[in-house]
């Protein structure tokens, strides 16, 4: 099993979760997307 999180794939403060042959990102507030690269629209 390879740790998919070793390259720090999650951006903008996201937390990487290593899974079997893949990873997922738990994004910090205000970000979304597979690697937390997409800013969420802010409500006004």
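Coordinate-derived values only; no laboratory data. Computed from a predicted structure; not experimentally measured. In this analysis, Cβ positions are derived from the backbone assuming ideal geometry, glycine residues included, and neighbour counts consider all displayed protein chains.
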Residue order, fewest to most beta carbons within 10 Å, for 17, 6 | 6, 17
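Given 10 °C and 1.306 mPa s, how large is the Stokes-Einstein diffusion coefficient of the chain in µm²/s, with Rh as the Kirkwood radius over Cα pairs?
Details: Rh = 10.8 Å.
Translational D for this selection: 147 µm²/s.
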Gain in span if fully extended, residue 40 to residue 6, counting 0.36 nm per residue against the direct Cα distance | 9.6 nm
